[in-house]
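Step one of this worksheet: look at the structure below.
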Amino acid sequence: MGTKPTILGQAELDAAMSDLAGWQQTDASTITRSYKFKNFVEAFGFMAQVAILAEKANHHPDWSNSYNRVEITLVTHDAGGITQKDVDLAQAINAL
């Protein structure tokens with residue numbers, strides 16, 4: 001088994017968040033971003049792209065979809081907080 005990811009300190013997290021347009025720290029252990037698309041098909045297509053990124057990174061978001069809206073929450077569950085894995089996936093999602 002690999003080592004448990006390290007939770008980012010608040011200073012590290014603040015620095016990372018300054019580069020993550022649209023993302024917000026919702027509490028001590030999660031970051032979130034909400035998206036709105038023209039319709040359900042665009043929203044679901046976006047989710048499919050995120051799913052491919054998440055699978056490649058072996059780091060999967062908590063998310064919800066309601067018609068043209070997608071909300072993504074990132075947390076590294078096995079670490080119990082926000083780690084570099086969350087920041088990396090948020091950056092990859094922003095690059096879509």
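One table, with the values for the structure above:
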| quantity | calculated |
| --- | --- |
| Those residues of the stretch 41-70 which are of a type in the set (Phe, Trp, Tyr), under 16 Å from Asn94 (Cβ atoms) and either without any contact (Cβ under 8 Å) to a residue 24 or more places away in the chain or assigned to a strand (DSSP E or B) (or both), in sequence order | Trp63 |
| Which numbered condition Lys38 misses (of (1) in contact (Cβ under 8 Å) with a residue 40 or more places away in the chain; (2) part of a loop (DSSP other than H, G, I, E, B); (3) basic (Lys, Arg)) | (1) |
| Residue in the stretch 5-12 that is of a type outside the set (Gly, Ala, Ser) and outside any loop (DSSP other than H, G, I, E, B) present | yes |
| Filter pass, Asp27 being at pLDDT below 95, of a type outside the set (Phe, Trp, Tyr) and within 19 Å of Pro5 (Cα to Cα) | yes |
| For Lys85: the one exception among (1) of a type in the set (D, E, K, R); (2) surrounded by fewer than 17 Cβ atoms within 10 Å (Cβ to Cβ); (3) touching a His at 6+ places or on another chain (Cβ under 8 Å) | (2) |
| Tally of residues being touching a strand residue (DSSP E or B) at 6+ places or on another chain (Cβ under 8 Å), in a loop (DSSP other than H, G, I, E, B) and surrounded by fewer than 17 Cβ atoms within 10 Å (Cβ to Cβ) across the stretch 13-28 | 2 |
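The values are calculated or read from the model by the stated rules, or taken from the named source; none is laboratory data. Treat the numbers as computed from the prediction; the structure is a model and nothing was measured. Positions of Cβ are backbone-derived with ideal geometry, glycine not excepted, and every protein chain shown enters the neighbour counts.
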